[in-house]
1. Put a dot 7 Å past each Cα toward the Cβ at Leu343 and Ser22; how far apart are the dots in nm?
2. Quick check for you: with a 1.4 Å probe and neighbouring chains kept, what is the accessible area per residue of the chain, in Å²?
3. Lys353: which aspartates and glutamates have alpha carbons under 19 Å from its alpha carbon, excluding same-chain residues fewer than 8 sequence positions away?
4. Tell me, what is the 1.4 Å probe accessible area of Phe72, in Å² to the nearest 10?
5. Apply the a/c threshold of 1.5 to the C-alpha gyration tensor of the stretch 185-253 and tell me whether it is rounded, prolate or oblate.
6. Given the DSSP H assignment, sum -39500 (n - 2.57) over each helix run of at least 4 residues in the chain and divide by its residue total; what's the result at 222 nm in deg cm²/dmol, nearest 500?
7. Considering only DSSP beta bridges with both partners in the chain, what is the antiparallel share in %, to the nearest 5?
8. Please report the accessible area of Asp104 (heavy atoms, 1.4 Å probe, ligands and nucleic acids excluded) in Å², nearest 10.
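The values are calculated or read from the model by the stated rules, or taken from the named source; none is laboratory data. For clarity, every value in this text was computed on a predicted model and none was experimentally measured. Cβ coordinates were reconstructed from backbone atoms using ideal geometry, including for glycine residues, and neighbour counts include every protein chain displayed. SASA here: full protein model, heavy atoms, side chains in, ligands and nucleic acids out. Shrake-Rupley method; radii C 1.70, N 1.55, O 1.52, S 1.80 Å.
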Amino acid sequence: MAGKDIILMSLGEARRLKVVQSAIERQTTQKAAALILGLSERQVRRLVRSVREKGDRGIIHGSRGRPSGRRFPNEVSERVLSLYSERYPDFGPTLAREKLFELDGIRISDETLRKWLLEAGLWKKRRKGSIHRRWRQRKECFGEMVQLDGSHHDWLEGRGPELVLMGYIDDATNTTYGRFYDYEGTMPAMDSFQGYVKEYGLPVSVYLDRHTTYKSPKKLTEWEKVEGIEPLSQFERALAELGVEVIHALSPQAKGRIERLFGVLQDRLVKEMRLRGIQTKDEANEFLEEYLPRYNERFEVCPANEADAHVRLPGDFNLDRYLCIKTERTIRNDNTLAHDGRLYQIEEKTTGKKVVVEERIDGSVHIMNKGLVLRYKEIIERPKKEMAAKTDQRVYNRPRKPSKDHPWKRSWKNWKPATQKGVYVY
């Protein structure tokens, strides 16, 4: 057949064949051919001998078209594809390769699995469009800046309630921390920050967005604008008291590190919890304690400076005094205090009328007066007000309306003179 006479070779092989043929025809020396091709003289002599014996086909490597001696048996590829279809149908090749080794004991490379999936039509190539952004260099030290945000996502894929992941990532090392909550608010932010501080220490700065939890939406008055006073949210106030700088991002792209982290966790973490059958918030948080150390061990990077900028707090430091909601209230003349629809009776003397009500993370309420905790009790049943007895007396803002037979209602046409002089009757 004519097809048998066609020799397929690459452009580099065609170039190599031309140089070898010139050496065979003695148009150039084998030493010069070796310099042109970037090969040794011994290799050129081998190519010359191969082309003389096999013709132009001798320039092609002998292993072309032959199966590799290191290839996997067909049984292995069939089992891998079967497991992927049954257990990991939406997993990427990298994560699927990890789970195949961890759970099924099959060791293959990412590229091998990707090749098998592409050939079987179980995976498609995905190209990400690149958007030009101005690159910001990482901070040098661990703890110099931490990015914080909340991720709203169906983390349990309908097996349980919808949760919010309060996530932290160190800018210098990619060290990750997080906990699940029912909503993104002040108390979840304070509780998660308390957990981060206990784990690593106080960071120098926290980089976050302009969510009302992190930045007060209160409008400035003219006096505040002149004085340069900026209203603080409860979370901002707590971090300011702890000496942590708060930096607000103007766009999601500015805090891209935490946004990319959520993209990875919404893929990997969701599938890990699916394999574990996790259905509740407590189970999810318990799994995070196991998962995040493994995640950090793999994805952490070395900082430019090995120094740790975190501030470790002493063991007796009461972090609850700072990470709480503080509200100023005035004590009434009867030594009671109204707060959040409740009435409290102060049971000891105070200096001044102003006190601070602290609502702690654990749900407890503390009333502080100049740094001292006041004893109090909540008034559950308030005294009922006595209702004034109803009477039949009517109160009018104007005189009564005269009756029909009142003299004012009588017409002048109906009057006639009486028997007595000067007296008239109607």
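1. 10.7 nm
2. Values: 29140 Å² over 426 residues.
For the chain, the per-residue accessible area is 68 Å².
3. Qualifying aspartates and glutamates at Cα under 19 Å: Glu328, Asp334, Asp340, Glu378.
4. The value for Phe72 is about 80 Å².
5. Details: a/c = 2.04, a/b = 1.77, b/c = 1.15.
It is prolate, given that a/c is not under 1.5 and a/b is the larger ratio.
6. Working: 11 runs with 142 residues, N = 426.
Theoretical 222 nm ellipticity from helices: -10500 deg cm²/dmol.
7. Working: 36 of 43 bridges.
Antiparallel bridges make up about 85 percent of those DSSP assigns within the chain.
8. Counting only protein heavy atoms, the figure is 30 Å².
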